[in-house]
Every structure is written in C-alpha cells, then in structure tokens.
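Reviewing the structure listed below.
Any read-out appearing in this document is the output of simple, stated calculations on the displayed coordinates, not a laboratory observation. Note that the coordinates shown come from a computational prediction; the quantities given were computed from them, not determined experimentally. Neighbour counts are summed over all protein chains in view; Cβ atoms, including those assigned to glycine, are modelled from backbone coordinates with ideal geometry.
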Amino acid sequence: MKRITSALLNLYFAYLLIGGVAWAMDVPLRLGLNLVDSEWLGPYLGVAVAAGFLLRPYGKTAGIIEILLGFAAIAAWSWMSYNFEAWLFDFMGHTPQKYVPGIIAIVLMMEALRKICGTGIAVLVWVLIVYAFVGWVLPQPFEADRLPPESVVMYLYADTSGIPGLVLSIVASLVLAFIVLGKLMEVGGATNFFTDLAMSVMGHRRGGPAKVAVIASSLFGSVSGSPVGNIMSTGVVTIPLMKRTGFTASQAAAIEAVASTGGQIAPPVMGAAAFLMAEFLQIDYYVVVLAALLPAIFYYVCLFVQVDAVAERRGLVGLPRSELPKIGAVFRSGWVFVLPLGLLVYLLFWANMAPAAAALTSAFTLLILAFFKGRFRSFEEWKSFVLGGGEAMIPIVLIAGGAGAVVGVMNVSGLGQSLSFIIMQVGNSWGLFAMLVLTAMLSIVLGMGMPVTAIYIVLATVIAPSLIDMGLTPLSAHLFIFYFGVMSFLTPPVCVSSFVAASLARAGMWETGWIGMRFSMIAFILPFVWAYDPALLLDGTPQAIVTVVLTTLAAILIIGRSSRLLERPNPRSLTLAALVAAIVIAVTAAPVWAGPESVLALVAAAVGFVVYFLLPRLSLPGLREAAGPEHAGEPGVTAAEAGAKSPQTQG
C-alpha cells in the first residue's frame with residue numbers, strides 16, 4: 001500500500017507542476033481544446049485536494065481511506081468542470097445532481113485545507129461558509145441575505161465569483177510560474193550563491209554574519225515567496241555564524257526571521273501578492289512593484305542599521321577574510337542565477353511582457369544556462385525539481401480555494417458591505433487614525449498563522465473597501481493591510497517566522513518574538529506614513545517624495561541608535577530609548593502633520609539627523625562593552641578575541 005500511495009502522490013505532484021506549466025503556456029488551446037479557466041481549475045484543485053490527503057493522512061501512513069477521499073475530490077471537482085458550460089445555460093434549477101457533488105467537493109477541499117494549512121484558516125473559512133447559510137437570522141448590521149442552501153452551494157462550487165474564480169486562476173498560472181522559477185533556483189543552488197555573495201561582501205565587517213543574513217534573505221526571499229522556506233534555506237547557514245561571532249541565540253534567530261519575512265514585501269514577487277493586488281485593483285503589475293519599492297528598501301535599511309548598532313554596542317567583529325569566499329569566484333560559479341533575474345526585470349518593466357510569461361521565460365533561460373554549467377543532468381535533480389515544485393503548489397492551491405470561498409460568501413451574503421459599514425462607522429466617529437489602528441490590529445489578528453497569500457485575499461475582500469471609502473488611494477489601502485498581514489509572522493503570540501528561526505537557533509521562542517518585533521519596528525510605522533502621504537509610494541511631486549524619504553531615513557537612523565541603547569542593562573538608557581522612540585514617531589510623522597511639501601518637515605528631518613549624531617555623545621560611559629555569554633551557553637566572541645583572529649572591525 002505504501003508503494004501505491006507514494007506513486008500516486010508523485011503522480012499528483014507531477015501533474016500540479018507540469019500540467020500547470022502547460023496551462024500557463026496555453027498548450028490546451030494549441031491542441032484545439034478551447035477551455036475556459038473554470039473547466040481547467042476543477043480537476044487541478046481536485047488533484048491538490050487528493051495530494052493533501054496523502055500528505056497528511058489520518059493515521060501514521062496513508063491508506064485506502066485517503067486514496068478514496070482523494071478520488072472522490074477529483075471526481076467531484078471534475079464533474080463541475082465537465083458540466084460548467086452546460087450549467088451556464090441550464091435553467092432547470094439546482095437539482096441534486098448539481099449540488100450534491102458540490103457539497104462533497106467543498107467539504108473535501110476544506111478538510112484538505114485543514115490538514116495542510118492548519119486549523120486556524122480552516123475554522124475561519126468554515127465560519128464564513130456557515131454564515132452564508134444561517135446569517136439571515138442574525139440582527140443588523142450582521143444580517144445576511146437569505147438564499148436557498150442549494151443556491152449557496154452552487155455559487156461557491158460552480159460560479160466564477162466563488163471557488164473556481166479569479167484567485168484560483170491567478171494561483172494556477174501566475175503564481176505557478178514564479179514557483180517554477182524559484183524551485184529551479186533552489187535546486188540549482190541559488191541559495192548558496194546568494195549566501196556566498198553576501199558573505200564575500202559583508203562577512204568581514206562588524207556583525208558580518210548578521211548583515212549577510214539581511215542581504216541573502218532579502219535577495220532569495222524576494223523570489224522564493226515563503227518566509228519559512230527562506231529561513232530554512234538561508235538560516236541554517238547564517239544563524240550558526242551569527243552565534244559564533246557573538247550574537248545571542250535569540251538575536252540571531254530574530255535577525256534571520258525579520259530578514260526572511262521581509263522577502264514578502266520586497267519586489268518583484270512579494271509572496272505572490274503583487275500579482276493579486278494588480279488583478280484586484282485592475283492596474284499594471286509594475287505600478288504595484290514601484291509603489292512597494294521604497295518601503296521595502298527602508299525595511300531592510302532599518303534592519304541593517306539596527307544590526308550594525310547591536311554589533312557596535314557588543315563589540316562584535318566579522319569573520320576572518322581567509323574563511324570567506326572570494327567575490328570573483330562566487331560570480332564565476334553563480335552568474336547563471338544573475339542573468340535570468342536580470343532578464344526577468346527586463347521582460348517585466350521594459351518589454352511589458354505578461355508576468356507569467358516573463359517568469360517562465362526566465363526559468364527556461366536558467367534551465368539552459370544551468371545545464372551547460374553541469375546542473376540538471378541527473379534524474380535526481382529533475383525529480384527534486386518536478387516533485388518539489390508540485391508539492392510547493394499544494395498549500396497555495398488549497399489556500400486559493402479557501403480564499404475563493406471567502407470571496408464568494410462576501411458576495412452572496414452581503415457580509416462585505418456589512419463589515420465595511422461597521423469599519424466606516426468607526427472612521428466617521430473616531431477619525432481616520434483610529435480606523436487605521438483598528439485595521440492594523442484586525443490585519444495582524446486575522447493574519448496570525450495564515451499564509452501570506454491567504455492573508456492578503458481575506459483582508460483585501462473584507463477591509464480594503466472601507467479604507468478606500470475613507471479617502472485612501474486604492475493602492476495605499478491594499479498595501480496597508482498587506483503590510484500588517486505580513487507582520488503577523490513577526491508579532492507574538494503567533495509569530496511563525498520567529499518560532500521557526502528560534503527552533504533553528506535553539507533560542508527562547510518568546511524572547512525571539514519580542515526581539516523580532518523590535519527589529520521590524522519600521523514596518524509598523526511606514527504604512528501609517530503612506531496612508532497620509534502617498535509620496536512614500538512614489539505617488540506625489542518630486543519635492544514630496546524627497547521630503548518623505550529624508551524624514552523616514554532620519555527615523556531609521558534614530559531607531560538604530562535606540563537599538564544600541566536598548567542593549568544596555570541600565571534603566572536610564574531605557575528611559576532615553578523611550579524618548580528616542582517618541583522622536584522617531586515625530587520625525588516619521590512630520591510629512592503627516594506638517595504637510596508633504598512643508599519646510600517644517602525638512603526641519604524635523606534635520607533635527608532627526610542631529611539627534612542621531614549626538615546620541616552617542618549623550619550616552620553614559622562604558623557604552624561599548626564586550627559581548628556577554630551566548631544565550632545557548634556557548635562563549636561569546638569579544639572584540640579582543642575576534643580581533644586576534646581578524647583585523648577587520650569596520651562597520
């Protein structure tokens with residue numbers, strides 16, 4: 001039985017990747033099969049559900065029950081696809097031959113979603129589905145529109161506004177293309193290339209391994225689209241190196257968690273949200289990428305500055321140059337990864353090619369180059385690519401199905417309008433700032449434990465319309481909820497990224513979570529800035545953009561100094577750090593309160609830069625102290641000890 005289930009699972013993986021690529025490249029159309037999206041998406045989703053049952057069986061190993069449930073899911077979703085066109089013109093009503101397979105398909109999809117993506121997201125979607133059936137008994141403003149149960153089932157099962165709709169269509173084509181590119185890079189060795197590249201540039205500087213984590217995780221994370229996958233790829237290298245050079249285990253884990261999570265907000269992929277955002281707002285993809293560029297840069301600059309400040313405070317230095325790879329050798333071995341990424345940028349922004357086609361073209365280019373470099377010549381490498389890529393699609397496809405159910409419930413029940421009304425009432429009564437705070441809290445809470453794509457889809461459906469009604473530009477509103485949704489990966493109590501990194505570092509999970517929040521402080525401030533001043537998203541005059549850049553940069557530098565002071569055990573330093581935090585908010589908010597083109601905002605930025613340069617002189621004596629013992633019980637590396645190994649101590 002084990003051999004049968006293993007063979008079936010591999011077949012499902014291969015279908016999800018190869019079949020998805022064939023659909024993205026319009027192979028069915030070229031073969032004369034004129035299928036609409038929903039006719040393809042039914043069996044594709046069914047296979048993902050079947051694979052989910054085999055991956056997470058009810059017992060220790062998958063058996064006949066999981067196989068039969070998978071076959072039932074494939075049959076139920078394929079039945080929808082087979083009849084989709086006929087049902088469009090069928091006016092005989094919702095007969096049992098329609099809605100009974102629909103019930104089976106939805107229930108099995110939700111059970112696979114629970115198994116693969118966790119109970120949290122499954123419970124959220126189930127609550128909304130149940131609401132569509134019984135919400136009409138609730139009082140206003142939560143009362144739902146009353147529809148026959150079979151109509152609700154058919155709307156979710158076979159309507160393009162339900163499960164086989166826009167979200168699943170984007171995932172099965174656009175997101176798949178970038179999964180293919182990312183998996184090719186991973187199997188081809190891009191993780192090692194990015195890590196070695198960052199190591200050769202930053203490894204010898206003070207706190208070098210931590211700076212390597214920031215750079216390597218930002219580069220690989222912007223393509224991989226998964227915070228946890230990014231941590232497991234780069235963290236296994238960077239975390240031990242950070243601990244070796246004097247960072248505590250919790251600091252090392254937090255730095256890796258924040259750096260890897262930042263890949264979700266860094267163009268070009270942004271955890272697939274960039275493509276979804278472009279589709280939701282009906283704007284060009286490059287508009288989303290350009291808008292997200294400055295905040296992503298500031299996020300990593302702030303993390304880099306804080307890492308440097310902690311390294312300075314603890315007297316840490318980098319690794320000896322003799323242990324670091326040479327940049328020339330790194331490029332000679334890894335240039336095959338640079339050219340496809342350069343081609344991807346060219347195709348997206350200059351050739352104006354569709355994102356899916358651009359990603360697949362870059363992936364094909366990488367494949368050819370890697371082949372001539374001796375990669376992808378063995379069966380094992382191809383197997384790892386095909387099966388690994390197919391497996392990576394399963395949670396994304398199931399999440400897209402669940403998100404389609406959420407979108408369908410919002411449309412069919414009127415819940416979307418009800419929630420928008422409630423949030424609007426808060427805005428009208430307490431003002432925009434109170435509404436933004438409430439929205440940020442809801443985004444973090446709803447996002448806890450959920451994958452990035454699911455976070456964005458739910459929030460874009462439920463909350464974004466209210467922000468737009470309050471005067472935010474559509475792009476500002478969607479990026480606002482997306483940022484805070486991503487920050488749920490770093491916000492206790494369910495800070496998934498911090499917990500995963502802490503397990504690698506053998507550090508305290510709660511301590512890592514709180515340190516991670518501190519290192520990602522700027523990400524909790526930036527959305528409020530662009531909500532009032534879209535110039536941060538490059539939506540404004542040149543003067544407004546320069547002003548917001550200067551004020552934000554001043555805030556980042558002060559945050560770096562505050563990190564240096566927070567390292568001190570002296571209470572007076574904590575008091576000073578609190579004062580610095582207040583200055584950070586004032587400087588960052590200068591364009592908000594003073595106006596985006598106000599001279600007052602430039603004065604506030606100047607004050608921020610002055611405070612940054614004066615703070616070291618205001619600090620108490622003995623600020624630079626040697627590093628203490630490792631959190632994990634290993635000896636730290638003091639400046640004197642590390643200096644004996646390497647003369648490199650520059651920042």
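Things to note:
- When the pairs Lys211/Lys373; Lys183/Lys383; Lys183/Lys373; Lys211/Lys243; Lys183/Lys211 are compared against a 19 Å limit on Cα-Cα distance, Lys211/Lys373; Lys183/Lys211 fall above it.
- The calculated FRET efficiency for Ser378 paired with Val201, based on their beta-carbon distance and R0 = 30 Å, is about 0.40.
- Principal-axis tilt of helix 190-202 within the chain, Cα atoms, nearest 10 degrees: 20
- Overall shape of region 2-166 was characterised from the C-alpha gyration tensor. The equivalent ellipsoid obtained from it has semi-axes of 28, 23, 14 Å, in decreasing order.
- Radius, Kirkwood style, for region 453-519 when every pair of distinct Cα atoms is counted (Å): 13.1
- Mean separation of Cα contacts under 8 Å (6+ apart) over length of the chain, as relative contact order %: 19
- Considering all C-alpha pairs of the chain, those separated by over 38 Å amount to 36%.
- Of all aspartates and glutamates in the structure, those lying under 20 Å Cα to Cα from Lys2, and not within fewer than 8 positions of it along the same chain, are Glu66, Glu391.
- Sequence-distant aspartates and glutamates (8 or more away, or on other chains) whose Cα lies within less than 17 Å of Lys326: Asp196
- Each principal axis of the Cα cloud of region 202-328 was taken in turn, and the coordinate range along them, longest first, works out to 50, 32, 25 Å.
- On Cα atoms only, tilt of 521-532 relative to the major axis of the chain in degrees: 70
- Full extension of the chain between Phe524 and Val445 yields a length gain of 27.0 nm, computed as 0.36 nm times the residue separation minus the alpha carbon distance.
- For the listed peptides 8-21, 348-361, 375-388, 152-165, a ranking on the average number of other beta carbons within 10 Å per residue, highest first, reads 152-165, 8-21, 348-361, 375-388.
- Scattering profile of region 135-210 at q = 0.16, 0.17, 0.19, 0.27 Å⁻¹ [log10 I(q)/I(0), Debye over alpha-carbon scatterers]: -0.78, -0.83, -0.92, -1.09
- In degrees, nearest ten, helix 355-372 long axis to first principal axis of the chain (Cα): 70
- Stretching Ser598 away from Phe89 to a fully extended chain increases their span by 177.2 nm, per 0.36 nm per residue minus the current alpha-carbon distance.
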